[in-house]
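Okay, so here's the structure we're looking at.
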Amino acid sequence: MVHFLDLKAATDELAEPLLTAAQRVMSSGWYIGGEELEAFEREWAAYCGAAHCVGVGNGLDALVLSLRALDIGPGDEVIVPSNTYIATWLAVSATGAKPVPVEPDPATHLIDLDQIEVAITPRTKALMPVHLYGQPVNMDALMELAKIQDLKVIEDAAQAHGAMWSNRRIGAHGDLVCWSFYPGKNLGALGDGGAVTTDDADLADRIRCLGNYGSAQKYIHDERGTNSRLDPLQAAFLRVKLAYLEVWTARRQARAAQYLEALADLPLTLPRVAAGASPVWHLFVIRSQDRAQLQKHLTKAGIGTMIHYPRAPHMQKAYSDFGLNPSDLPIARQLAEEVLSLPMSPHLSESDCARVISAVQDSLTR
Ligand SMILES: *Cc1c(COP(=O)(O)O)cnc(C)c1O
């Protein structure tokens, strides 16, 4: 059996330092905020090459609070990819603004920069690119476009911990960069967690305030905030795991190289890495016109696969009021029909990866 993702293996590898970290928090007497959280915020900002980091409750909140910090709300539009996890769209909707979808480049699955311009209207306030599957968007070109169009950039980096565009880490480009530490992400907590990184001290303060009931000073509330904070316990776990992120990313990169080489001549579409991109392979996503058959074969061979994502946001009931037909965003729809995620994690061994490869070859060559 080859698991799609073995989260227990990740926790087991670090069991001792994780327990030590938990004990440190337990005996500190601080269970919200405090030194452990501040230390993680400093370390994550430094890793990303950003001046500030604000821990929040989860990745969705990171996006919503970032939008609110830029005063984006009813009547405003935000450009989002047509093919993303629905959280990107939901964050925009939560503020009362409208997500405006732009189709991806079918080769990279990333938002097509050439199509952003035609989607911009006088109501557009921000661009929200997603570094999907851990593949970085061309941030040089995107920031240039945002500058010309006078738009803010909020990055959904929930899948891109450690990814680089032209040798600069994701986290060092846009106005606000949003992170999720959901357990299955490349840097994952043992529960929910999220953060925003930024170089702008005022925006960082505003997000911290918004996530703390709109209060910068205890019992003084300047605006109607919410409660969205990163637990010190999760921060302590994340500090342990951050020390392993580079090593674990290298293991993912080795497995991706193994897949790319061995699957090259099969009737499949493999992930394409743009020049300038250093992906971190949150997911290894292939495309097949015969996906159902392939997935069935792999399941029978004991190999776990998943589909990210089987239904594009514009085809979800949640967005039926937008009145979009499946064919209005044909690339998003087609990707949803063809994508298949193969096992990928720092705990996928070379031999298990080879088993996945043989099973894929077996399925496609008979
Ligand atoms: C996981 C994810 C989110 C949401 O993160 P949560 O921590 O689960 O709220 C947002 N966007 C993308 C692209 C994600 O993969």
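The values are calculated or read from the model by the stated rules, or taken from the named source; none is laboratory data. Not measured: the values here are computed from a predicted model. FYI the Cβ positions are ideal-geometry reconstructions off the backbone, even for glycines, and counts take in every protein chain you see. For accessibility, only protein heavy atoms count, side chains too; no ligands or nucleic acids. Shrake-Rupley method; radii C 1.70, N 1.55, O 1.52, S 1.80 Å.
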Can you give me the Cα centroid spacing of segment 198-257 and segment 294-323 in angstrom?
29
Result for segment 1-127: accessible area per residue, probe 1.4 angstrom, in square angstrom, of 44
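Any idea what diffusion coefficient segment 209-349 gets from Stokes-Einstein, in µm²/s, Kirkwood Rh on alpha carbon pairs, 4 °C, 1.567 mPa s?
Working: Rh = 19.0 Å.
D, rounded to a whole number, is 68 µm²/s.
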Shape box of segment 1-148 [Cα atoms, principal axes, largest first, Å]:
55, 43, 27
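Based on Cα coordinates alone, diagonalise the gyration tensor for segment 297-366, multiply each eigenvalue by 5, take square roots, and list the semi-axes in whole Å, largest first.
In descending order, the three semi-axes are 33, 14, 9 Å.
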Computed log₁₀ I(q)/I(0) - Debye formula, equal Cα scatterers, no solvent, segment 71-227, q 0.12, 0.16, 0.17, 0.19 Å⁻¹
-0.52, -0.94, -1.06, -1.30
What are the ³J(HN,Hα) couplings of segment 93-107, residue after residue, when phi is run through the Karplus curve with 6.51, -1.76, 1.60 and θ = phi - 60°? Round to Hz, x for glycine and proline.
4, 4, 8, x, 7, 10, x, 10, x, 10, 6, x, 6, x, 6
Rule-of-thumb Rg ratio for segment 97-155 [Cα; 2.2 N^0.38 Å; N residues]:
1.05
Would you pull out the residues with amide H under 5 Å of Val2's amide H, same chain only if 5 or more places away, H placed 1.01 Å from N?
Ile303, Gly304
Quick one: with all protein chains in place, what share of the accessible area of the chain is carbon or sulfur, to the nearest percent (1.4 Å probe)?
50
Sorted by chain and then number, the residues having a modelled amide H within less than 5 Å of the amide H of Ala50, at least 5 places away or on another chain, are none
Kindly sort Met26, Met139, Met315 by accessible area of their heavy atoms, largest first, with the probe set to 1.4 Å.
Met26, Met315, Met139
Once phi is turned into θ = phi - 60°, what whole-Hz ³J(HN,Hα) does the Karplus curve with 6.51, -1.76 and 1.60 give for every residue of segment 309-318, x standing for Gly and Pro?
10, x, 9, 5, x, 5, 9, 8, 4, 4
At 222 nm, what value in deg cm²/dmol follows for the chain if DSSP H runs of at least 4 each add -39500 (n - 2.57) and the sum is divided by all its residues, to the nearest 500?
-12000 deg cm²/dmol
Have a look at the DSSP beta bridges in the chain and tell me what percent are antiparallel, nearest 5.
60
Assuming a viscosity of 1.306 mPa s and a temperature of 10 °C, what translational diffusion coefficient in µm² per second does Stokes-Einstein assign to segment 136-194, Rh being the Kirkwood radius over Cα pairs?
131
Give me the mean projected area, in nm² to one decimal, of the convex hull enclosing the Cα positions of the chain.
18.3
Distance in Å, no decimals, from the C-alpha centre of segment 113-137 to the one of segment 1-80 is 24
With 0.36 nm assigned to each residue of separation and the Cα-Cα distance removed, Ala274 to Ala262 gains 2.4 nm
Rg [Å, one decimal], Dmax [Å, integer] - segment 262-306, C-alpha atoms:
12.5, 38
Tyr213 accessible area, 1.4 Å probe, all protein chains in place, Å² to nearest 10:
110
Under 12 Å from a point 7 Å along the Cα-to-Cβ line of Ala141: which residues of segment 84-112 have their amide N that close?
105-112
Relative contact order %, the chain, counting alpha carbon pairs below 8 Å whose residues are six or more apart:
22
Which ³J(HN,Hα) values, rounded to whole Hz and listed in residue order, are derived for segment 153-168 from phi using the Karplus coefficients 6.51, -1.76 and 1.60 in 6.51 cos²θ - 1.76 cosθ + 1.60 with θ = phi - 60°, glycine and proline given as x?
10, 10, 8, 8, 9, 4, 10, 10, 4, x, 5, 10, 10, 6, 6, 10
Equivalent ellipsoid, segment 143-243 (semi-axes from 5 times Cα gyration tensor eigenvalues, Å)
24, 22, 10
In segment 34-144, what % of DSSP beta bridges are antiparallel (nearest 5)?
10
Residues whose modelled amide H sits under 5 Å from the amide H of Val102, counting only those 5 or more places away in sequence or on another chain, are Val80, Ser82
